[in-house]
Amino acid sequence: MKRSLTLLAMVIALAIAGSGYWYVQGKQPVREGELALAGLQGPVSVRYDARGVPHLQAQNEADLYRALGYVHAQDRLFQMEIMRRLARGELAEVLGAKLLATDTLFRNLRIREQAALMVQRIDHQSAPWQALQAYLDGVNQWQAGHPKPMEFDLLGIAPRPFTAEDTLSIAGYLAYSFAAAFRTEPALTYIRDQLGPEYLKIFDLGWHPDGALAAPLAAADWRSLEQLAQLSHAALGDAGIPQFEGSNAWAIAGSRTRSGRPLLAGDPHIGFAVPAVWYEAELSAPGFSLYGYFQGLNPFALLGHNREFGWSLTMFQNDDVDLIAEKTNPANPEQVMVNGRWQTLEKTQQSIAIKGEAPATITLRRSPHGPIVNDVLGSSAGATPIAMWWAFLETENPILEGFYQINRADTLDKMRDAAIKVQAPGLNLVWANAKGDIGWWAAARLPMRPAGVNPAFILDGSSQQADKPGFYPFSTNPQQENPASGYIVSANYQPAAPLPVPGYYNLADRGRQLDRHLARPDIQWDTTSSQALQLDTSNDYGPRTLAPLLATLRSIAQGDEEKELVEQLAAWRGDYPVDSTSATLFNQFLYELAFAALHDELGDTWFPVLISTRAIDAALPRLAADPASPWWNTRGSNEHTDRSAIVRVAWQRSLNHLRDTFGQDCATWQWGKAHTLTHSHPLGVQKPLNLLFNVGPFAAPGSHEVPNNLSAKIGPAPWPVTYGPSTRRVIDFADAGSAATINPVGQSGVPFDKHYADQAEDYIEGRYHKARMGAIPAQSTLRLVPAQ
């Protein structure tokens with residue numbers, strides 16, 4: 001009996017294993033053979049290289065884009081589905097009630113309505129529209145004719161066709177991803193109004209620090225703003241969708257390169273995830289060729305190059321969102337004061353489907369200034385309506401046409417004209433061509449605001465603060481063409497411009513580090529030196545933050561070991577290799593210093609909100625350098641504290657935490673143990689699915705705001721990396737057909753595919769692959785032919 005049961009168990013196990021194997025195999029991409037595709041006018045060759053990148057060759061553009069949609073879908077259909085659901089507020093339908101707040105937020109952003117307007121505005125006979133329709137037809141044909149991705153099976157997703165509204169909704173998600181206003185403006189306004197203007201000094205805001213709200217916000221309003229700030233920050237993370245954060249890009253004229261031709265480098269900084277953000281593909285048709293990096297559901301590359309020209313992008317970080325506190329009519333809370341008269345809020349209702357539950361009905365309200373965004377909090381929202389003015393909703397924004405033209409912009413004039421059509425989100429477009437030109441354009445429609453208005457704070461809707469008289473002409477945007485310096489660098493810092501451009505810019509440290517190298521007259525730049533610069537793990541931030549505190553640290557250090565640690569920090573050059581212990585100690589000390597100085601004023605909600613913003617990066621070095629700052633005095637304490645007392649507390653807490661976390665021997669506090677990268681899949685947040693879908697962890701070099709910007713949140717060790725270079729690219733136009741590139745994970749988003757994570761180790765080790773064009777050695781060939 002025992003032997004029989006054992007044999008039966010083995011047979012069942014083998015059957016399950018066999019079924020599992022065939023199930024997984026049925027989900028894999030098809031990369032060789034011949035398949036029929038309806039709508040093709042002629043055959044399309046799809047050659048796959050060693051990294052799984054498709055190289056498509058078609059006889060016309062319509063066939064090219066239809067085939068691109070088909071092969072893109074087989075590698076990334078689940079990514080496309082999740083992105084459109086996030087942008088359109090439809091995640092709860094497949095992920096359950098925990099995503100209801102995120103769906104409610106995105107419905108309030110009005111992205112889906114704006115996408116529908118954008119579709120109406122587009123000329124449906126134009127080349128961009130025809131290309132989009134062909135691409136979506138390819139996506140939908142693949143979806144209709146093949147087994148669903150396994151994520152669809154696990155979540156119970158019913159396939160439905162993808163539309164142009166989905167594509168343009170994702171443009172709205174992209175624009176929201178850049179918007180720091182939801183966190184920064186409430187936090188800075190809270191500091192100004194609840195703590196006092198003297199607390200703003202460390203932020204160096206410059207304009208109108210005393211504010212001008214007609215009536216101060218009530219405690220309930222502040223609580224709802226806290227919740228809104230937290231929700232907006234968590235929305236993308238909860239859905240497992242990468243957020244756009246920063247970027248590096250530079251273009252170098254041929255006079256400064258070894259080859260004598262321009263060189264282009266770029267690495268957009270985006271949240272890490274599986275699948276990776278970019279889908280690589282080479283497109284070829286008569287009169288058109290491009291090696292592109294594509295986002296889900298977009299047929300036009302956001303990054304790309306060919307033998308004649310190429311471009312990269314960074315986030316502009318311009319402030320294109322204003323939060324506006326509306327004054328309500330005491331006799332009618334559905335009316336707000338705008339331009340001297342009471343105006344009734346527009347109201348609509350929508351239904352949100354929830355997996356396993358009855359649908360939720362939400363009410364959306366809108367003032368003349370924009371959507372009322374704190375309504376997402378329901379009954380916990382304060383009485384004061386907070387409206388959102390957002391350039392994405394207030395501009396025509398022909399971004400689809402803009403990127404169609406960018407994909408073909410081989411001259412300065414063509415690129416400049418295309419950049420004008422990219423209005424939201426704001427992007428820095430860094431470009432070069434083989435003829436010798438280089439250029440940079442800050443692409444955005446920049447709103448005019450009344451004199452003296454600082455949009456870093458919540459504005460008063462009953463006054464003229466929130467007025468927008470119009471937009472500045474594109475000619476006033478920051479831009480450069482063929483500068484005398486012979487190079488252009490873009491790294492998210494505040495650009496020089498004819499007019500002030502408010503924004504939530506990154507610190508200048510990363511840009512200074514890049515500029516310091518690019519300005520060197522003794523270097524003739526090539527692919528190798530540019531790769532080394534992309535992988536640089538140092539900047540001035542750590543040493544300049546520590547400099548005013550070193551005397552205090554030396555005075556409070558106890559014993560030989562602590563004194564040696566202080567001297568190591570004093571000698572530290574701000575670099576972050578995986579074997580550094582000073583990097584680990586500095587990062588822990590930075591957090592403890594921020595907590596000890598700021599938490600007593602900001603509390604458990606506003607403190608984490610503030611340290612999630614870019615404002616904290618600029619504030620901490622200024623705080624460290626100012627012994628008279630009011631932040632040093634502990635609120636609620638009978639004892640007066642000063643900088644020395646806070647530094648002492650931060651130092652001891654840092655040592656205690658690192659000893660508890662990594663051991664008593666400080667030689668084991670290595671950066672690579674504390675700072676790790678895991679590429680997370682949307683389903684990998686649930687154990688044990690993380691073992692199936694996630695990739696990593698890897699010991700990670702680099703840090704926040706160094707060129708190799710593998711960035712983690714400010715907090716206690718250990719530090720999981722949240723974002724960084726979403727690809728690294730270097731193109732020397734003397735041999736653009738052998739450009740260098742790397743994907744952080746792999747080309748495919750299909751679990752168990754050989755290209756799911758085949759580049760992850762090379763990425764973390766700083767290795768590159770060739771982005772070859774033309775007659776590449778194919779690993780396999782798929783031939784798509786017209787359906788009979």
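The values are calculated or read from the model by the stated rules, or taken from the named source; none is laboratory data. If you're wondering where the values come from, they're calculated on a predicted model, not measured in any experiment. With ideal geometry, Cβ positions are generated from the backbone for all residues, glycine too; neighbour counts draw on all protein chains shown.
Take the conditions surrounded by fewer than 16 Cβ atoms within 10 Å (Cβ to Cβ) and modelled with pLDDT under 95 and apply them to Pro450. Does it pass? In short, yes.
In the stretch 742-765 there is at least one residue matching the filter, namely being in a strand (DSSP E or B), of a type in the set (A, V, I, L, M, F, W, C) and assigned by TED's automatic domain parsing to the domain that holds Phe294. Here Ala181 clears all of (1) at pLDDT below 90; (2) among the hydrophobic types (A, V, I, L, M, F, W, C); (3) surrounded by fewer than 21 Cβ atoms within 10 Å (Cβ to Cβ); (4) out of contact with any Gly (no Cβ under 9 Å at 6 or more places or on another chain) except the condition numbered (3). For the stretch 39-69, filtering for residues that are touching a Phe, Trp or Tyr at 6+ places or on another chain (Cβ under 6 Å) and within 15 Å of Gly287 (Cβ to Cβ) leaves 1.
Taken together, the residues in the stretch 730-755 that are within 16 Å of Gln295 (Cα to Cα) and basic (Lys, Arg) amount to 0. The residues listed here are Ser637, Ser582, Ser612; of these, the one that is over 27 Å from Pro720 (Cβ atoms) and either of a type outside the set (Val, Ile, Thr) or surrounded by 20 or more Cβ atoms within 10 Å (Cβ to Cβ) (or both) is Ser637. Scanning the stretch 353-406 for residues that are in contact (Cβ under 8 Å) with a residue 40 or more places away in the chain and part of a loop (DSSP other than H, G, I, E, B) yields Lys355, Gly356, His369, Ala381, Gly382, Ala383, Thr384, Pro385, Thr395, Glu396, Asn397, Pro398. Scanning the stretch 577-600 for residues that are touching a Ser or Thr at 6+ places or on another chain (Cβ under 9 Å) and charged (D, E, K, R) yields a count of 2. Exactly one residue out of Ala424, Ala383 is at pLDDT below 95 and surrounded by fewer than 24 Cβ atoms within 10 Å (Cβ to Cβ), and it is Ala383.
Does the stretch 249-262 contain at least one residue that is hydroxyl-bearing (Ser, Thr, Tyr), under 30 Å from Asn694 (Cα atoms) and assigned by TED's automatic domain parsing to the domain that holds Gly503? There is no residue in the stretch 249-262 that is hydroxyl-bearing (Ser, Thr, Tyr), under 30 Å from Asn694 (Cα atoms) and assigned by TED's automatic domain parsing to the domain that holds Gly503. Residues considered: His704, His755. Of these, the only one that is more than 19 Å from the chain's Cα centre (by Cα) and surrounded by 20 or more Cβ atoms within 10 Å (Cβ to Cβ) is His755. Where strands (runs of 3 or more DSSP E) sit wholly within the stretch 234-333, those with at least 2 residues that are under 26 Å from Val44 (Cβ atoms) and modelled with pLDDT of 95 or more occupy 279-285, 288-294, 303-305, 309-315. Screening the stretch 488-577 for helices (runs of 4 or more DSSP H) wholly inside it with 2 or more residues that are under 22 Å from Trp440 (Cβ atoms) returns the ranges 509-518, 527-534. Taking the listed residues Ala645, Ala717, Ala624, the one that is part of a helix (DSSP H, G or I) and closer than 23 Å to Arg573 by Cα is Ala624, with no other qualifying.
Hey, any hits in the stretch 676-693 for a residue that's modelled with pLDDT of 95 or more and over 19 Å from the mean Cα position of the chain (by Cα)? No, because not a single residue in the stretch 676-693 is modelled with pLDDT of 95 or more and over 19 Å from the mean Cα position of the chain (by Cα).
Residues of the stretch 648-694 that are among the hydroxyl-bearing types (Ser, Thr, Tyr), in a helix (DSSP H, G or I) and surrounded by 18 or more Cβ atoms within 10 Å (Cβ to Cβ): Ser654 alone.
Taking the listed residues Ala596, Ala619, the one that is part of a helix (DSSP H, G or I), buried (at least 21 other Cβ atoms within 10 Å of the Cβ) and free of Cβ contacts under 8 Å to residues at least 60 places away in the same chain is Ala596, with no other qualifying.
Is at least one residue of the stretch 696-711 touching a residue at least 40 places away in the same chain (Cβ under 8 Å), under 13 Å from Asn587 (Cα atoms) and not in a loop (DSSP other than H, G, I, E, B)? The answer is yes; a qualifying residue exists.
Of all the residues in the stretch 453-471, those that are in a loop (DSSP other than H, G, I, E, B), more than 26 Å from the chain's Cα centre (by Cα), surrounded by 15 or more Cβ atoms within 10 Å (Cβ to Cβ) and not hydrophobic (A, V, I, L, M, F, W, C) number 4.
The lone criterion from (1) free of Cβ contacts under 8 Å to residues at least 24 places away in the same chain; (2) surrounded by fewer than 22 Cβ atoms within 10 Å (Cβ to Cβ); (3) touching a Phe, Trp or Tyr at 6+ places or on another chain (Cβ under 7 Å); (4) under 20 Å from Val706 (Cα atoms) left unmet by Ala571 is number (3). I'd like the residue in the stretch 499-519 that is within 20 Å of the chain's Cα centre (by Cα) and without any contact (Cβ under 8 Å) to a residue 60 or more places away in the chain and, out of all such residues, is farthest from Arg544 (Cα to Cα). Result: Gly511.
Taken together, the residues in the stretch 185-233 that are modelled with pLDDT of 85 or more, exposed (fewer than 15 other Cβ atoms within 10 Å of the Cβ) and acidic (Asp, Glu) amount to 1. Candidates Ala775, Ala771: the one that is small (Gly, Ala, Ser), under 28 Å from Asp63 (Cα atoms) and in a strand (DSSP E or B) is Ala771. Has the stretch 121-136 got any residue that is surrounded by 17 or more Cβ atoms within 10 Å (Cβ to Cβ), more than 24 Å from Phe294 (Cα to Cα) and of a type outside the set (Lys, Arg)? No, that holds for no residue.
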